[in-house]
Amino acid sequence: MFKMGPSCIILLISVLYVIVNVDCYPWFRNNIPNGDFVPCNCSNFSEMVWEAVGHFSLFDGTAKKNPFGIDLRENGMRWTQSLCKGDSDGDGLSNGEELGDPNCTWIEGQEPDYDAIGHPGICEPIGSKLCIDLGQLFTCDCLEEGQVCPINLDERN
């Protein structure tokens, strides 16, 4: 009989945690235009893309959902006319405009007409008076420090 010591159990739990948190739902990105190429519009992370598009984290799909993540869930995890035309983060651009589908014609599996220009769940420009007035406290600094980022004051999840 095989016995695992405490260090093996901790290692196994750690590996499983990483697998679940990093690679649990990557296919949701296929449900939105440019889902693999949503830019991080923070100057210190300008070369990075949001892997956890529906969350207040670049990578962590278990982090609190941002307004777009909430709206995506409410639309059955599908790109709909309503989701496309909506402005989840309230920054004045529709979700479709931010994700490169301004005419809301994208169908799953197609190439979008345009590149994504922003994040549909993070008010941009990040830290602007508009975003602060909307109650979006997200900052680029928190990404750099690797901490939990301040989030939308609206406590929906």
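Got a number for residues in the stretch 73-104 being out of contact with any helix residue (DSSP H, G or I) (no Cβ under 7 Å at 6 or more places or on another chain), closer than 20 Å to GLU124 by Cβ and part of a loop (DSSP other than H, G, I, E, B)?
5
Quick one: count up the residues across the stretch 35-51 that are in contact with a Phe, Trp or Tyr (Cβ under 7 Å, 6 or more places away or on another chain) and either among the charged types (D, E, K, R) or more than 16 Å from GLU98 (Cβ to Cβ) (or both).
Of the residues in the stretch 35-51, 1 are in contact with a Phe, Trp or Tyr (Cβ under 7 Å, 6 or more places away or on another chain) and either among the charged types (D, E, K, R) or more than 16 Å from GLU98 (Cβ to Cβ) (or both).
Any idea how many residues of the stretch 119-135 are β-branched (Val, Ile, Thr) and touching a Lys or Arg at 6+ places or on another chain (Cβ under 9 Å)?
Count: 0.
Look at the stretch 39-81 and say how many of its residues are at pLDDT below 85 and in contact with a Pro (Cβ under 7 Å, 6 or more places away or on another chain).
Matching residues across the stretch 39-81 total 1.
Could you figure out which of (1) modelled with pLDDT of 95 or more; (2) among the aliphatic types (A, V, I, L, M); (3) open to solvent by less than 80 Å² (accessible area, probe 1.4 Å); (4) not in a helix (DSSP H, G or I) isn't true of ILE107?
Of the numbered conditions (1) modelled with pLDDT of 95 or more; (2) among the aliphatic types (A, V, I, L, M); (3) open to solvent by less than 80 Å² (accessible area, probe 1.4 Å); (4) not in a helix (DSSP H, G or I), the odd one out for ILE107 is (3).
Quick one: would you say CYS123 is farther than 16 Å from SER57 by Cα, open to solvent by less than 60 Å² (accessible area, probe 1.4 Å), of a type outside the set (S, T, N, Q) and modelled with pLDDT of 90 or more? Lay out the reasoning, then the answer.
Details: farther than 16 Å from SER57 by Cα: no; open to solvent by less than 60 Å² (accessible area, probe 1.4 Å): yes; of a type outside the set (S, T, N, Q): yes; modelled with pLDDT of 90 or more: yes.
In short, no.
In the stretch 29-60, how many residues are out of contact with any Ser or Thr (no Cβ under 8 Å at 6 or more places or on another chain), assigned to a loop (DSSP other than H, G, I, E, B) and either closer than 20 Å to CYS131 by Cα or of a type in the set (A, V, I, L, M) (or both)?
Matching residues across the stretch 29-60 total 13.
The values are calculated or read from the model by the stated rules, or taken from the named source; none is laboratory data. All figures in this text were calculated on a predicted structure; none of them were measured in a lab. Every residue, glycine among them, receives a Cβ derived from its backbone with ideal geometry; neighbour counts consider all protein chains shown. For the accessible areas, the whole protein counts, side chains as well, though only heavy atoms, and no ligand, DNA or RNA atoms are used. Shrake-Rupley method; radii C 1.70, N 1.55, O 1.52, S 1.80 Å.
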